Amino acid sequence: QVQLVESGGGLVQAGGSLRLSCEASRSIRNINAMGWSRQAPGKNRQGVANISSRDTTNYAEFVTGRFTISRDNGKNTVYLQMNNLKPEDTAVYYCFLQIGGSTFWGQGTQVTVSS
């Protein structure tokens, strides 16, 4: 019923940039919020950024000033522009959306930042 397709991950050198995209099913309406979390091997999942239906944004302290979240409501797509990437940003990045009382997750996209 809810499909989230992520893209944009890859391998980049430290200081480089990547732009992640997450497209939700176009039939979905009344999305409360969308956002991104990440998980490195052996570590807990960390919240990265989220954006509400009224475009209120929140960022984790470890990405503030480097990452920007945005969304295109017409396309049901959320983006994460990642600049000045660091090796510690290496993780699988998962997008999510919230509808009513439910949260749905994408399949994840790998981001690898080399030193």
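The values are calculated or read from the model by the stated rules, or taken from the named source; none is laboratory data. Since the structure is predicted, the reported quantities are computational estimates derived from the model, not experimental observations. Note that we place each Cβ from the backbone using ideal geometry, even for glycine, and neighbour counts take in every protein chain shown. The protein model used for the area step is the full one, side chains on, heavy atoms only, and it has no ligands, DNA or RNA in it. Shrake-Rupley method; radii C 1.70, N 1.55, O 1.52, S 1.80 Å.
Of the residues in region 13-24, how many are surrounded by 14 or more Cβ atoms within 10 Å (Cβ to Cβ) and of a type in the set (S, T, N, Q)?
Qualifying residue count for the region: 1.
Scan region 43-58 residue by residue and report those that are loosely packed, with under 13 Cβ neighbours inside 10 Å, within 20 Å of Lys86 (Cα to Cα) and charged (D, E, K, R).
The one that is loosely packed, with under 13 Cβ neighbours inside 10 Å, within 20 Å of Lys86 (Cα to Cα) and charged (D, E, K, R): Lys43.
Here's a check for you: in region 98-115, which residue that is in a strand (DSSP E or B) and of a type in the set (Gly, Ala, Ser) is nearest to Ala40 (Cα to Cα)?
Our first condition is that a residue be in a strand (DSSP E or B); within region 98-115, this holds for 98-99, 102-105, 109-114.
Keeping just the survivors that are of a type in the set (Gly, Ala, Ser) gives 102, 114.
On the way: Ser102: 25, Ser114: 14 Å.
The extreme case among them is Ser114.
Cβ-Cβ distance below 8 Å, separation of 6 or more or different chains: which pairs start in region 97-115 with a residue that is free of Cβ contacts under 8 Å to residues at least 40 places away in the same chain and end on one that is part of a strand (DSSP E or B) and open to solvent by 20 Å² or more (accessible area, probe 1.4 Å)?
Thr103/Phe96
For region 81-115, which positions are of a type in the set (Phe, Trp, Tyr) and open to solvent by 60 Å² or more (accessible area, probe 1.4 Å)? Quick ask: steps written out before the conclusion?
Narrowing region 81-115 to residues of a type in the set (Phe, Trp, Tyr): 93-94, 96, 104-105.
Matches in region 81-115: Phe104, Trp105.
Conditions tested, residue by residue: (1) open to solvent by 50 Å² or more (accessible area, probe 1.4 Å); (2) touching a residue at least 24 places away in the same chain (Cβ under 8 Å); (3) not basic (Lys, Arg).
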site: Leu11; (1), (2), (3): yes, yes, yes
site: Asn32; (1), (2), (3): yes, yes, yes
site: Pro41; (1), (2), (3): yes, no, yes
site: Ala60; (1), (2), (3): no, no, yes
site: Ile69; (1), (2), (3): no, yes, yes
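List the number of the failed condition for Ser27; all other conditions in (1) without any contact (Cβ under 8 Å) to a residue 40 or more places away in the chain; (2) surrounded by 14 or more Cβ atoms within 10 Å (Cβ to Cβ) hold.
Every condition holds for Ser27 apart from (2).
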